[in-house]
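Please treat every number below as a calculation from the coordinates, not as lab data. All values reported here derive from a predicted model rather than from experimental measurement. Every residue, glycine among them, receives a Cβ derived from its backbone with ideal geometry; neighbour counts consider all protein chains shown.
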Amino acid sequence: MKEYKKQIIITSVITILPMLAGILLWGRMPDKVAVHWGMDNVANGWAGKATAVFGMPVFLLAVQLICVFVTLNDPKKQNVGPKLLKLIFWFIPIISWVCCGTIYMTAVGIKVNVGLWANLLIGIFFAALGNYMPKGKQSYTVGMKLPWTLNSAENWNRTSRFTGKLWIAGGICFLLNAFLQIGKLIFPLLILLVLIPAIYSYTLYKKGI
């Protein structure tokens, strides 16, 4: 943990930094602001201004610290590659800026295409994770953590290679959907990107791998 102290501090500060933007825009925002949108880009969830400005960054900071703590205390942390570790450190700070930025801009009357940004963010995440996943070895925190992959290095490696290719393809689908805006595609695709690798891994296990 000590060797990552500087990186933890930097990413934590960046995660809660949107609070400053919220404070600066405080007077321009209504008492209740939109914090959730449906697939049609119409707001369907609301929260108090204080919750949006302070609660959201603090919640994301808690998620960030939990993810980092769990990963750095993984008994097999030496198997988590540096690029995957960097992705873990920086994903939540980026999410914080995108989410809070969307909330603030919408609150002050700036129209934001939420579907576009959501698909772009998800697409980039899956494409990046898919690219790095095959390079990672067995781990309890990063990768397809299933009973069969953790029991067999060969199952882990094959599943990781398969999942990597699938997630890159899925990431490309999300990037394309950022412009196609097919709202009903998002959740089924997310389920398939998780379910298919699990089935593939189990099939390998039944074959004795």
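Springs between alpha-carbon atoms under 10 Å, Gaussian network over the chain: tell me which of Pro147, Pro57, Pro197 tops the mean-square fluctuations.
Ranking Pro147, Pro57, Pro197 by mean-square fluctuation puts Pro147 first.
So how strong a dipole does the chain carry about its Cα centre when Lys and Arg Cβ are +1 and Asp and Glu Cβ are -1, to the nearest 20 debye?
On the way: 20 positive and 5 negative charges, 121 e Å.
Dipole size: approximately 580 debye.
Given N residues in the range 1-112, what is Rg(Cα) / (2.2 N^0.38 Å)? Working shown, then result.
Numbers: Rg = 16.2 Å, N = 112, 2.2 N^0.38 = 13.2 Å.
It is 1.22.
Non-local amide H neighbours of Trp37 (under 5 Å, H modeled in plane, Pro and chain starts lacking H): which ones?
Residues meeting the amide H criterion: Asn44.
What ³J(HN,Hα) values, in whole Hz, does the Karplus curve 6.51 cos²θ - 1.76 cosθ + 1.60 give for the range 2-17 when θ = phi - 60°, with x put for Gly and Pro?
4, 5, 9, 4, 4, 5, 5, 5, 4, 5, 5, 4, 5, 5, 9, 4
Using a cut-off of 16 Å between alpha-carbon atoms, which aspartates and glutamates can reach Lys49, once sequence neighbours fewer than 8 places away in the same chain are excluded?
Partners found: Asp31.
Taking square-rooted eigenvalues a ≥ b ≥ c of the alpha carbon gyration tensor, is the chain rounded, prolate or oblate, where a/c under 1.5 means rounded and, failing that, a/b exceeding b/c means prolate? Before the final figure, lay out the partial values.
On the way: a/c = 2.82, a/b = 1.53, b/c = 1.84.
In terms of gyration-tensor shape, oblate.
Name the shape class, rounded, prolate or oblate, that the alpha-carbon gyration tensor gives for the range 114-209, where a ≥ b ≥ c are the square roots of its eigenvalues, rounded holds for a/c under 1.5, and otherwise prolate holds if a/b is larger than b/c and oblate otherwise. Could you put the intermediate results ahead of the total?
Values: a/c = 2.98, a/b = 2.12, b/c = 1.40.
It comes out prolate by the Cα gyration axes.
Relative contact order for the chain using alpha-carbon pairs under 8 Å, separation at least 6, rounded to a whole percent? If you can, show how the numbers build up before the last one.
On the way: 255 pairs, mean separation 43.9, N = 209.
Over the chain, the number comes to 21 percent.
Please list, or write none, the lysines whose alpha carbon is within less than 23 Å of the alpha carbon of Lys76, excluding same-chain residues fewer than 8 places away.
Of all the lysines, those that pass the test against Lys76 - Cα under 23 Å, at least 8 places apart if same chain - are Lys2, Lys5, Lys6, Lys86, Lys135, Lys137, Lys145.
Would you kindly derive the ³J(HN,Hα) couplings of the range 156-172 from the backbone phi angles with the Karplus curve 6.51 cos²θ - 1.76 cosθ + 1.60 (θ = phi - 60°), listing them in order in whole Hz, with x for Gly and Pro?
So the J values, rounded to whole Hz, are 4, 5, 5, 5, 5, 5, 5, 5, x, 5, 5, 6, 5, 4, x, x, 5.
Can you give me the convex hull volume of the Cα atoms of the range 46-138, divided per residue and expressed in Å³? Show your work: numbers first, answer last.
Details: hull volume 8.8 nm³, N = 93.
Hull volume normalised by residue count: 94 Å³.
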